[in-house]
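The structure appears below as structure tokens.
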Amino acid sequence: MIKPRPRIVDLSDVEPNVRRGGDLRAMLTPATVGSTSGFMGVAIVQPGDRIGEHYHPYSEEFVYVVCGDLEVDLDGDPHPLRPEQGLMIPAYMRHRFRNVGEVEARIVFHLGPLAPRPQLGHVDTEGTETVPVTAGAEASGAAADTAEVRS
């Protein structure tokens, strides 16, 4: 594991992850800066695009909307989410984000604590069958948002 150290990471230094919709960039992670309690990133969602439904079995997710008009489904219930609003999503709560506006939306997100292994940190519930998540796995130190649990 990388020893934590102060480090500035530019958005352009991080490869986009577009597998779940939107452009997700995990910026400050165990792999990039040696974080040990969670990770932070940015989601960029174009008008009409969305981030597919998922949940995090080990982590709470903290979201701050920088710009754009979004709708977030929380366990199936839609809620408006506007610039300069924050949201805490509890562990195990299914959620999906949709850009319902006419301009690009940007969201800053933080998840913590880290899952025991990256593969256990994110469970897709849309477009795939999910596999039950089991506890007791070894800690690995990689960003929990980069893996999916699928059957």
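The values are calculated or read from the model by the stated rules, or taken from the named source; none is laboratory data. Note that the structure is a prediction, hence the values are computed from the model and not measured. Here the Cβ is made from the backbone with ideal geometry for all residues, glycine too, and neighbour counts use every protein chain on show. Protein only, heavy atoms only, side chains kept; ligands, DNA and RNA dropped before computing areas. Shrake-Rupley method; radii C 1.70, N 1.55, O 1.52, S 1.80 Å.
Between the beta carbons of TYR64 and GLU15, assuming R0 = 25 Å, the FRET efficiency works out to 0.65 to the nearest 0.05.
A simple spin-label model places pseudo-atoms 7 Å from Cα toward Cβ; at ARG7 and VAL108 they are separated by 2.0 nm.
Using heavy atoms of the protein chains and a probe of 1.4 Å, the accessible area assigned to ASP69 is about 60 Å². Only one residue of VAL66, LEU81, SER37 has its Cα farthest out toward the positive end of the dipole of the range 15-85, where Lys and Arg carry +1 and Asp and Glu -1 on Cβ, and that residue is SER37. List the residues of the range 37-75 whose backbone N lies under 19 Å from a point placed 7 Å from the Cα of TYR92 along the Cα-to-Cβ direction. Output list for this probe position: 54-62, 74-75. Charged side chains reduced to their Cβ positions (Lys and Arg at +1, Asp and Glu at -1) give the range 31-80 a dipole of some 300 debye around its Cα centre.
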